[in-house]
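Enquirer: Below you will find the structure I want to go over with you.
Each reported figure results from applying straightforward, stated rules to the coordinates on display, with no laboratory input. From a predicted model like this one, the values you see are computed outputs, not experimental measurements. Positions of Cβ are backbone-derived with ideal geometry, glycine not excepted, and every protein chain shown enters the neighbour counts.
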Amino acid sequence: MSSLGPYSELILASTSPARRALMNGLGLQYRTVAPEVDERVPGELSPAQTVAMLAERKARAVAQRHPTALIIGSDQLVSLAGRALGKPPDAAAAATELKALRGRTHEICTGVCVVGSGYFVTEVDVARMTVHALTDGEVDAYVALGEWQGCAGGYRIEGRGQALFSRVDGDRAAIQGLPMQWVVRLLREAGVAFF
């Protein structure tokens, strides 16, 4: 039997299906709320600083509307040689991002922030991923699948996108959108009982 400690409910400040799937695995009662925040950040921030800021912004925005809840916010960026790649707006942009990544190693930075009355922590997970030296035809065929939609870097590792990578170093859950080892530790610190 799980317990949320002093909190009335647990809220994931995200509408991401991948994040929901990861949270479902914990077996906790929670709900999702769209954070509805401005995602613009100062240009001089590193990708890790950016995801930390946005994860906090999302969590705090939902916490303002639900002050007795415990809130999880998250954000993610792909970083290639220090340059952040966000979610491509269309198929052409997704192909351009994947072509830039092919044959190279990049980082995927995933920020998580847990906020509740008397509790606040932000952490960032960084994974390193190497993309095969894909041909233009392979990139175009992958993009045609549509998995790039809503995904930083133009790929989704949970699906056919896992065949894009020759090497993955890091937390697979974080790469999918939510660093679950951090999430579990932070929820435990905040007073959540899992068993």
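Enquirer: Amide H neighbours of L12 under 5 Å, at least 5 residues apart or on other chains, H built in the peptide plane: list them.
Expert: Under 5 Å from the amide H of L12: R31, T32, V33, I72.
Enquirer: Enumerate the calculated ³J(HN,Hα) couplings along region 66-75 in order (Karplus 6.51 cos²θ - 1.76 cosθ + 1.60, θ = phi - 60°), each rounded to whole Hz, writing x wherever the residue is Gly or Pro.
Expert: Once θ is set to phi - 60°, the couplings for region 66-75 become 9, x, 9, 9, 9, 10, 10, x, 8, 8 Hz.
Enquirer: Follow-up question, since we're still on this one. At most 16 other Cβ atoms within 10 Å and a DSSP loop assignment: could you name the GluC sites (Glu not before Pro) in region 1-64 that fit?
Expert: Passing both the DSSP loop test and the Cβ count: E9, E36, E39, E44.
Enquirer: Hey, rough spin-label estimate for Q181 and R167, points 7 angstrom out along Cα→Cβ, what's it come to in nanometres?
Expert: In this crude spin-label approximation the distance works out to 1.9 nm.
Enquirer: Related question: Post the alpha-carbon centroid distance, region 1-43 to region 134-156, in whole angstrom.
Expert: Spelled out, the Cα-based centre of one part sits 27 Å from the other.
Enquirer: Same structure, new question: For region 38-125, which trypsin sites (Lys or Arg not before Pro) are in a loop by DSSP, counting at most 12 other Cβ atoms within 10 Å?
Expert: Sparse-neighbourhood loop trypsin sites (Lys or Arg not before Pro): R40, R104.
Enquirer: A further question follows. Spelling out what I want: for every residue of region 173-185, take phi, set θ = phi - 60°, compute 6.51 cos²θ - 1.76 cosθ + 1.60 (Karplus), and round to whole Hz; glycine and proline get x.
Expert: 5, 4, 4, 6, x, 8, x, 5, 5, 5, 4, 4, 4
Enquirer: So what is the calculated 222 nm ellipticity per residue for the chain, using -39500 (n - 2.57) for each DSSP H run with n of 4 or more, over all residues, to the nearest 500 deg cm²/dmol?
Expert: -9500 deg cm²/dmol
Enquirer: If you don't mind, there's one more thing I want to ask. For G86, list long-range residues whose amide hydrogen, built 1.01 Å from N in the peptide plane, is under 5 Å from its own amide hydrogen.
Expert: Counting only residues 5 or more places away or on other chains, the set is G153.
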